[in-house]
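Here is the structure we will look at, set down as structure tokens.
The numbers here are math on the coordinates, done by the rules we state, and not lab data. Every value quoted in this text rests on a predicted model; they were computed, and no experiment measured them. Positions of Cβ are generated from backbone atoms using ideal geometry, with glycine treated the same way; all protein chains shown enter the neighbour counts.
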Amino acid sequence: MQVSDTLPIVYPQEIKGLINSGMMIPLRIESKEAGQCENCGGLGYLFVFEKGKDSKPLRYPPGIKSKWIPLGNMNADDKLSGWYVGETKQVDCPVCAKGQMKSWLEKNCGLFGSDLNVSLADFSITGMASAKKQAHDEVAKILSMNQLATGFITFYGSFGCGKSHLLKSIVNGLRGIGLRTFYSTMADLLTDIRTRFGEPNGSREVATILEFYRSIKVLCIDEFDRVNMTGWAMETIFTLVDDRSTHKDEVLTVMASNKEPKNLPSEFGYLTSRINGGVIVSVPPPDMRPALKDDWTDK
């Protein structure tokens, strides 16, 4: 086990409170088996280290219950790593323990109401919508990969052509087989991160939520190009996109844009090359909203 310094793992609420107060140190399991719970690796429980009263890092083991925990940078100025007095405990994983995984994944996927029922089967590719078949087949390929779904993919097309439908289909399809998935517009994602600056544990909360978005198995970001590209937004987006692009063999990132990536505004800078390094798929007209009407299909 090693220390989790930014809490990408979801802990029970009462344990998270103790972690934030400094009374407990979160530990994570370094390796996970494919197909197991993304939160605990399939064990059904998590590890934390409960520090003794006034426990501070020591340079040498004190001869009583203690554990070496690397919390700092492991250099001469590292004042956090050391031997801590206390003991390791295990707590139930809130994601999969007691059969709650399906319910937890649904509540934490970023979709609500009727969006939880969006599927690829409802995406029309007949009649005037036949030009959308390539985009449909790309999503079908992703879903067929099941637990092995990875990569960096961008769908682009005009308003209403079905990009959001495709992203929601991916989230629902892979969520259904137990993968930790999340859907968000880029604007909402940035708002979520920004609001954490004002919380009691501001910097830690921001690091935690950013790490969540960076490490989640399947992340679908809609309306990628519809944000106010301030300096802070550019830095945050770059950090997220760059990291997930670098780890595209381990996680799946799917984005949707109204503009073809090569035509994105100059403000996107290096991000454009990162996006172009992945798979790019066009989602052509017509508008999907009337696509469910009978006159859009061949009779």
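For region 185-195, the Karplus equation 6.51 cos²θ - 1.76 cosθ + 1.60, evaluated at θ = phi - 60°, returns couplings of 6, 5, 4, 5, 4, 5, 4, 4, 5, 5, 5 Hz by residue, with Gly and Pro reported as x. Take the Cα of D115, step 7 Å toward its Cβ, do the same at W232, and the gap between the two points is 2.3 nm.
Lysine pair count for region 53-189 with Cα-Cα distance under 19 Å and sequence separation of 8 or more or different chains is 23.
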